[in-house]
Amino acid sequence: MTSVTTQSTHAAETDYDTLADRFRPIFARIAEGASAREQDHQLPFDQIKELTKAGFGAVRVPVADGGAGATLPQLFRLLTELAAADSNIPQALRGHFAFVEDRLVSSGPQRAVWLERFVNGEIAGNSWTEVGTVKIGDVITKVSPDPDSATGGFRVNGTKYYSTGSIFADWIDTFAQRTDNDVKVIAVVNAHQPGVTHSDDWDGFGQQTTGSGTSTFKDAVVEADNVIDFDTRFKYQTAFYQVVLLAVLAGSIKAAERDIATEVRNRTRIFSHGNADSFREDPQILQVIGEVSAKAYAADATVERAAQALQRAYEAAFLDDLEQEEHLNDLAELESAQAQVVLTDLATRATSDVFDALSASGTSTKKNFDRHWRNARTAANHNPWVFKARIIGDYSVNGTVPPRVWAIGAGPDKK
């Protein structure tokens, strides 16, 4: 694997602003319609298509393979900017970028096949979570040898919930178990076939247009080359998934700051018990906006720090030093957990505190400013931070390394 091209933190293939300038006009157009899309529950099919057509889905692919050669810190800065435009879209692309990452650290002929697909604008969705498992780690979705396949193919059957991004995707990264040997695998299913259906049935009060609904597989075909042993999955995957959500939180604070600052700037009505002849010059109002801006700065710095830990874990995959690789992956998991605990509180407070700069009109449903809090609160609820805080404490006190693979299941009542 040492022959595979990597992107170094200290020798980035692409300057960040040069890279970001390619997408910022698209981000601006996305921001213009974000509130209306949520209010009308319009999924961002066109916006995601425009991004992928511009090469956004291939920013991590090395330049030599046709991509932008972005480092992980650069990717997460881009995702934070995109989240400030519409926090739903980075989460919708979370599974895609994770699958890109997995293919980047893989070896063999399929690596080049997938990198070419990413460069051509194809994207992957996520389909892992199940409801109804008897115990943690059980997998109901099954992959079975296809007796009708002349090339050793398989069929996939099962139902997945919270399958974020799959409704927009060309391929679906599906966690399943083989029936012939009980091995847990990733089945990369072509989304454009009769055996795959999607339902836009996510009913959360925030992140409403991520397309995080139910995906159902009924004898869906998957090629043998696209059934990948789960144990070969990139080791920093759970930390990666978490840091995408941290970028969502950081972007939500930026969006709240932007929208409320604009509202304050344009307001003409003042109060008899205020401190200035114009709302935009009232020092107490400016203080509120300033504190939210400072929290946005801290959120940016937190995401950057976690992304740097991921970059070190990525580079370690090519070191041929297993002990060092394991150590850096453990640290990436730890830092993503520390960042989550901090940002959960920071983002939910900041997106609520902005209302202190507004009067009652700021709660207008037409203005929809509350979406920033709802989106931050919803994104923060993924992978409960209280468990992460305990894991951090266990590491600090007892040196216990964080778990790197998360799973869920039913409790004793099996509900």
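The values are calculated or read from the model by the stated rules, or taken from the named source; none is laboratory data. From a predicted model like this one, the values you see are computed outputs, not experimental measurements. As a convention, Cβ positions derive from the backbone with ideal geometry for all residues, glycine included, and neighbour counts pool all protein chains shown. Ligands, DNA and RNA are stripped out before the accessible areas are found, and what is left, the full protein with its side chains, is counted by its heavy atoms. Shrake-Rupley method; radii C 1.70, N 1.55, O 1.52, S 1.80 Å.
Treat each spin label as a single point 7 Å out from the Cα along the C-beta direction, and report the Arg258 to Thr151 distance in nm.
Label-label distance for Arg258 and Thr151, simple model: 4.3 nm.
With everything on Cα atoms, drop me the angle between helix 385-398 and the longest principal axis of the chain, reported from 0 to 90° to the nearest 10.
70 degrees
Size of the dipole of the stretch 302-392 about the Cα centre, Lys and Arg at +1 and Asp and Glu at -1 on the beta carbon, nothing else charged, in debye to 20? All intermediate terms of the calculation are to be shown ahead of the outcome.
Values: 10 positive and 14 negative charges, 213 e Å.
Charge dipole, the stretch 302-392, about its Cα centre: 1020 debye, nearest 20.
Along Cα→Cβ, 7 Å out, is where each label goes; now give me the distance between the ones at Lys184 and Asp394 in nm to one decimal.
If labels sit at Lys184 and Asp394, their model points lie 1.6 nm apart.
Find how much the distance from Asp225 to Glu323 grows on full extension, using 0.36 nm per residue of separation minus their present alpha carbon separation; answer in nm with one decimal.
Numbers: separation 98, 0.36 × 98 = 35.28 nm, distance 2.98 nm.
Contour length minus the Cα-Cα distance gives 32.3 nm.
If a/c stays under 1.5 just call it rounded; otherwise compare a/b with b/c (prolate if a/b is bigger, oblate if not). Do that for the stretch 83-170, with a ≥ b ≥ c from the square roots of the Cα gyration tensor eigenvalues. Please list the in-between numbers first.
Numbers: a/c = 2.06, a/b = 1.12, b/c = 1.84.
Judged from the Cα gyration tensor, the stretch 83-170 comes out oblate (a/c at least 1.5, b/c at or above a/b).
Looking at this model, which pairs from Lys218/Lys388; Lys49/Lys366; Lys49/Lys160; Lys49/Lys235 are more than 31 angstrom apart at the alpha-carbon?
Working: Lys218/Lys388 36 Å; Lys49/Lys366 27 Å; Lys49/Lys160 24 Å; Lys49/Lys235 29 Å.
Result: Lys218/Lys388 exceed 31 Å.
Between Asp21 and Ala298, what is the label-to-label distance in nm when each label sits 7 Å out along the Cα-to-Cβ direction?
Going from the Asp21 label point to the Ala298 one covers 3.4 nm.
Which of Leu19, Leu245, Leu286 moves the most in a Gaussian network model of the chain with Cα springs under 10 Å?
Its mean-square fluctuation being the largest, the pick is Leu286.
Taking Rh as the Kirkwood radius computed over C-alpha pairs, what is the Stokes-Einstein D of the stretch 13-119 at 4 °C in a medium of viscosity 1.567 mPa s, expressed in µm² per second? All intermediate terms of the calculation are to be shown ahead of the outcome.
Working: Rh = 14.3 Å.
So the translational diffusion coefficient is about 91 µm²/s.
Normalised radius of gyration for the stretch 271-359, please: alpha carbon Rg relative to 2.2 N^0.38 Å, two decimal places.
Details: Rg = 20.2 Å, N = 89, 2.2 N^0.38 = 12.1 Å.
That works out to 1.67 for the stretch 271-359.
Roughly what angle does helix 237-266 make with the longest principal axis of the chain, taking Cα atoms, 0 to 90 degrees, to the nearest 10?
Tilt of helix 237-266: around 20 degrees.
To test your reading of the geometry: what angle, between 0 and 90 degrees and rounded to tens, separates the Cα axis of helix 109-119 from the longest principal axis of the chain?
So the helix axis and the longest Cα principal axis differ by about 30 degrees.
Rounded to the nearest 0.05, what FRET efficiency do Thr363 and Val131 have when you use their Cβ-Cβ distance and R0 = 35 Å? Kindly include the intermediate steps, with their values, before the conclusion.
Details: r = 35 Å, r/R0 = 0.99.
Efficiency, rounded to the nearest 0.05: 0.50.
Would you mind working out the accessible area per residue for the chain, using a 1.4 Å probe, and quoting it in Å²?
Details: 18380 Å² over 415 residues.
So the chain comes to 44 Å² accessible per residue, rounded to a whole number.
Calculated FRET efficiency, Gln39 and Thr197, Cβ-Cβ r, R0 22 Å, to nearest 0.05?
Step by step, r from the Cβ atoms, then E = 0.25.
What's the percent breakdown of Cα-Cα distances in the chain across 20 Å bins, shortest bin first?
26, 57, 16, 1, 0
If you stretched the chain out fully between Ile140 and Ser278, how much longer would it get, using 0.36 nm times the residue separation minus the C-alpha to C-alpha distance?
Extending this stretch completely gives an extra 43.5 nm.
Once the dipole of the chain is set up with Lys and Arg at +1 and Asp and Glu at -1 on Cβ about the Cα centre, which of Gly213, Phe45, Thr363 lies farthest towards its positive end?
Most positive-ward Cα: Thr363.
Keeping the other protein chains in place, figure out the carbon and sulfur percent of the accessible area of the stretch 209-357, with a 1.4 Å probe. Write down the numbers at each step before the final one.
On the way: 2980 of 6340 Å².
Carbon and sulfur: 47 percent of the exposed surface of the stretch 209-357.
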